[in-house]
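See below for the structure under consideration.
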Amino acid sequence: MTTTMPTITASSSSQQTIEQFRQYVIGNYTRYPVCLVRGEGSIVWDAEGNRYLDFFPGWGCGLIGHCPPRVVEAVREQVGQLIHVPNTWYTEPQGQLAQALSERTTFQGKCFFCNSGTEANEAAIKLARLYGQGRYKIVTMHHSFHGRTMGSLSATAQPKYHAGMGPMLPGFTYVPHGDLDAVAQRIDSETCAIMVEPIQGEGGVRLPPAGYLEGLRELCDRHGLLLILDEVQTGMGRTGKWYAHQHWNITPDIVTLAKAVAGGVALGGLIARPQVADYLKPGTHAATFGGNPIACRAALATIETIEQEGLLERATLIGERFRARLEALKERCSLIEQIRILGAMIGVQLTIEGAPIVQKCLERGLLINCTHQTVLRFLPALNLTDEQIDEGCDILDEVMLAHAG
Ligand SMILES: *Cc1c(COP(=O)(O)O)cnc(C)c1O
């Protein structure tokens, strides 16, 4: 058999790439028929040179935009120095990142690193069971999303993601989101933890009802359970604070992170209270690529960017500007039922399916997302400008008003 060089030249057209995918890439994603080749800040370009304004960069991973300069520089430098060594050695970037993440919590946590959100939650589940010393049950919430590997999938209380994959990992108990009594009723002598997203992301940008997270903390204290917060989508400044739970007066036992942590480079991890963290002893858990120098340098550069450019404050301002624009649109457009925003985490509850709106925005050069069928979701970069917010909202206004007829 003859082999040819793989085509990775920038000159392939979108159509050529799509054909290549059709033959060689498993079709487990629904993809738009567009091949993106370059990004800068909140703008991306396709293989034909078309420009798109991106309100959903990297599915939440592009917290500081595409190709953020400090991250690009840090990765370039690190890649020529040391790409990867296993966790049988100490490396400087991993230690520095652990300290940086811990210092931004209120609980002086210790870190474990992996490569994705689902892996971070797997680690949290294992840690909770180790801590439980025989207690193994974890309470999670309807419409939660914790990832696609079997443990995190079992924690995800959405039947549509379980279909055909059973049996799930035993020990997960699902309750309605926001219902403290339901949680209390399901706790028994075998329960070791409660796991929740401070704001449900994939579930439709759902904020916790008043007193909910505090109530979960109280239940954990009363029953000796761990409170695990999945901050894979909400963490790293997305909501205007380093960790979304800092908007409420609670201290978690474990926080999981991924998506935005390393400015678009793959990195996941968890931060645990030291007394809990100590249960993860040698031999209990590992990730070969976890905490590698490139990803950790990228994360450190992300933190530096957020701090030097005042992006936590900017997240709040972005939320306010979107709120003003979207509330004004809601006045004129009956298809909008509710607007849910915390910082740069934005959900627009529609009365209709959102997919056609996403499609029409794409045709006009605006990238947005729809989750839970009827919720438009934007997770914009924190350095999105006011002009870009207006440019995108103008497009959305026109698309929504035209669709309402
Ligand atoms: C995206 C997401 C995950 C899964 O992260 P992956 O990196 O895709 O494994 C888990 N939890 C939440 C809250 C997420 O938004």
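The values are calculated or read from the model by the stated rules, or taken from the named source; none is laboratory data. Since we're looking at a predicted model, the values are computed, not measured. For neighbour counting, all protein chains shown are included, and Cβ atoms are generated from backbone atoms with ideal geometry for every residue, glycine included. Heads up: the accessible areas ignore ligands, DNA and RNA and are worked out on the full protein's heavy atoms, side chains in. Shrake-Rupley method; radii C 1.70, N 1.55, O 1.52, S 1.80 Å.
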More than 18 Å from the chain's Cα centre (by Cα), in a helix (DSSP H, G or I) and either in the same structural domain as residue 398 (by TED's automatic domain parsing) or modelled with pLDDT under 95 (or both): is that true of residue 301 in this structure? no
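Yes/no per residue for (1) more than 16 Å from the ligand (Cβ to nearest atom); (2) at pLDDT below 95; (3) closer than 30 Å to residue 387 by Cα; (4) not assigned by TED's automatic domain parsing to the domain that holds residue 343:
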position: 4; (1), (2), (3), (4): yes, yes, no, yes
position: 16; (1), (2), (3), (4): yes, no, no, yes
position: 38; (1), (2), (3), (4): yes, no, yes, yes
position: 94; (1), (2), (3), (4): yes, no, no, yes
Considering only the stretch 72-167, give the helices (runs of 4 or more DSSP H) lying wholly within it that have at least 2 residues that are surrounded by 19 or more Cβ atoms within 10 Å (Cβ to Cβ). 92-103, 117-132, 150-155
Could you list all residues from the stretch 342-393 that are in contact with a helix residue (DSSP H, G or I) (Cβ under 7 Å, 6 or more places away or on another chain), under 23 Å from residue 305 (Cβ atoms) and β-branched (Val, Ile, Thr)? 346, 389
Condition met for residue 315 (open to solvent by less than 10 Å² (accessible area, probe 1.4 Å), closer than 16 Å to residue 378 by Cβ and in a helix (DSSP H, G or I)): yes
Would you mind stating whether residue 194 is open to solvent by less than 20 Å² (accessible area, probe 1.4 Å) and within 15 Å of residue 121 (Cα to Cα)? yes
Listed by first then second residue, the pairs whose first member lies in the stretch 50-78 and is in contact (Cβ under 8 Å) with a residue 12 or more places away in the chain and within 8 Å of residue 380 (Cα to Cα), whose partner is open to solvent by 10 Å² or more (accessible area, probe 1.4 Å) and among the β-branched types (Val, Ile, Thr), with beta carbons under 8 Å and at least 6 positions apart or on separate chains, are 54/43; 55/368; 56/368
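Results for (1) under 20 Å from residue 253 (Cβ atoms); (2) more than 16 Å from the ligand (Cβ to nearest atom), shown as yes or no for each residue.
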residue: 113; (1), (2): yes, no
residue: 119; (1), (2): yes, no
residue: 148; (1), (2): no, no
residue: 167; (1), (2): no, yes
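Results for (1) closer than 21 Å to residue 128 by Cβ; (2) without any contact (Cβ under 8 Å) to a residue 40 or more places away in the chain; (3) out of contact with any strand residue (DSSP E or B) (no Cβ under 7 Å at 6 or more places or on another chain), shown as yes or no for each residue.
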{"residue": "164", "(1), (2), (3)": "no, yes, yes"}
{"residue": "173", "(1), (2), (3)": "yes, yes, no"}
{"residue": "183", "(1), (2), (3)": "yes, no, no"}
{"residue": "226", "(1), (2), (3)": "yes, no, no"}
{"residue": "229", "(1), (2), (3)": "yes, yes, no"}
{"residue": "233", "(1), (2), (3)": "yes, no, yes"}
{"residue": "241", "(1), (2), (3)": "no, no, yes"}
{"residue": "251", "(1), (2), (3)": "yes, no, yes"}
